[in-house]
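Written out below as structure tokens is the structure these notes cover.
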Amino acid sequence: LSGMVPGGTPQQGAELLRKAAEKGDPSAAFIYGSMLAQGSFGEKDYKRGLPLIESAAKAGHVDAMARMATYAYHGIGRKKDFPIAFNWYRQAAERGHELAVFMAFNMINAGEGTKKDFPLAARLARNMANEGNAYGQMVLASALLQDKKPMQYKDEILYWLQQARANGDDKVRASVDQVYPQAVKIFSARAPSPTFRAAPRKVCPMKTVCTVNHYSGLQSCTTAKDYWSDCDG
């Protein structure tokens, strides 16, 4: 399919993927289903593609879980369904999928498909922030800023906004530049207190998740940081 193996054609590669997907290989089901849904063979075919991606997700394929969540969240190839989207994002996040952690945070923070849970949203963001993740630093500051009593977090909010701007890409910096003036106005300060010290960095553990091809018995494993669990134990 990729052209990396001599003597074969993309059509032969796609056919092998199709056969592997039919025999229950989660990775093949995810790849072939995604190709159908993305229109790799002509028109986008969600009717055939989504069931394959869903079968991979149910088998424990982390990227398939995140893809199913995205389709449900945005209404791609199906009706929007926030509860289903959150369920898939949560499962992917618990298995170490960084984007899923970020999306689960957003949904918890907004109460989309699940109840608002400020302590959980802030903990998810703090786990990412403590790891030096600029998106995590930005969303943690945003979450704390939305608390009922943001003044108690003044120094921490300003600190994480500054860290996010220093560590982030252009997109993160642009987002911080929108939020920072609001924080400055609320707190009448442009910097955290000189005595403020961020909590010692907690390193999130690594988590390995494996899917098993029920036809061949072969395992496929991925390892990522477990941002979902409490890094403080």
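Number of residues in the stretch 8-25 that are open to solvent by less than 50 Å² (accessible area, probe 1.4 Å) and assigned to a helix (DSSP H, G or I) equals 5.
Might you check whether a residue that is more than 30 Å from residue 119 (Cβ to Cβ) and out of contact with any Asp or Glu (no Cβ under 7 Å at 6 or more places or on another chain) occurs anywhere in the stretch 79-100? Yes, the stretch 79-100 contains at least one residue that is more than 30 Å from residue 119 (Cβ to Cβ) and out of contact with any Asp or Glu (no Cβ under 7 Å at 6 or more places or on another chain). For the stretch 180-190, a residue qualifies if it is open to solvent by 50 Å² or more (accessible area, probe 1.4 Å) and either under 30 Å from the mean Cα position of the chain (by Cα) or polar (S, T, N, Q) (or both), and the qualifying residues are 181, 182, 188. Any residue in the stretch 122-133 that is modelled with pLDDT of 85 or more, in contact with a helix residue (DSSP H, G or I) (Cβ under 8 Å, 6 or more places away or on another chain) and farther than 15 Å from residue 163 by Cα? Yes - at least one qualifying residue is present in the stretch 122-133. Does residue 200 fit the bill of being buried (at least 17 other Cβ atoms within 10 Å of the Cβ) and in a loop (DSSP other than H, G, I, E, B)? The answer is no for residue 200. Just one of the numbered conditions (1) among the aliphatic types (A, V, I, L, M); (2) surrounded by fewer than 24 Cβ atoms within 10 Å (Cβ to Cβ); (3) closer than 26 Å to residue 168 by Cα is not true of residue 37: (3). Here residue 2 qualifies as surrounded by fewer than 21 Cβ atoms within 10 Å (Cβ to Cβ), among the small types (Gly, Ala, Ser) and at pLDDT below 90. Within the stretch 208-219, the residues that satisfy the criterion of being open to solvent by 70 Å² or more (accessible area, probe 1.4 Å) and in contact with a strand residue (DSSP E or B) (Cβ under 7 Å, 6 or more places away or on another chain) are 208, 212, 219. Among the residues of the stretch 213-228, those identified as within 23 Å of the chain's Cα centre (by Cα) and in contact (Cβ under 8 Å) with a residue 60 or more places away in the chain are 220, 222, 223, 224, 225, 226, 227, 228. Looking across the stretch 40-63 at every residue that is touching a Ser or Thr at 6+ places or on another chain (Cβ under 8 Å) and more than 17 Å from residue 14 (Cβ to Cβ), the one that is most open to solvent (accessible area, probe 1.4 Å) is identified as 59.
Table: residues versus (1) of a type in the set (D, E, K, R); (2) within 30 Å of residue 53 (Cα to Cα); (3) in contact with a Cys (Cβ under 8 Å, 6 or more places away or on another chain); (4) not in a loop (DSSP other than H, G, I, E, B).
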{"residue": "142", "(1), (2), (3), (4)": "no, no, no, yes"}
{"residue": "147", "(1), (2), (3), (4)": "yes, no, no, no"}
{"residue": "158", "(1), (2), (3), (4)": "no, no, no, yes"}
{"residue": "175", "(1), (2), (3), (4)": "no, no, no, yes"}
{"residue": "186", "(1), (2), (3), (4)": "no, no, no, yes"}
{"residue": "194", "(1), (2), (3), (4)": "no, no, no, no"}
{"residue": "209", "(1), (2), (3), (4)": "no, yes, yes, yes"}
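Just one of (1) open to solvent by 100 Å² or more (accessible area, probe 1.4 Å); (2) modelled with pLDDT of 80 or more fails for residue 174. It is (1).
The values are calculated or read from the model by the stated rules, or taken from the named source; none is laboratory data. Note that the structure is a prediction, hence the values are computed from the model and not measured. FYI the Cβ positions are ideal-geometry reconstructions off the backbone, even for glycines, and counts take in every protein chain you see. These accessible areas exclude ligands, DNA and RNA; they are computed on the full protein's heavy atoms, side chains included. Shrake-Rupley method; radii C 1.70, N 1.55, O 1.52, S 1.80 Å.
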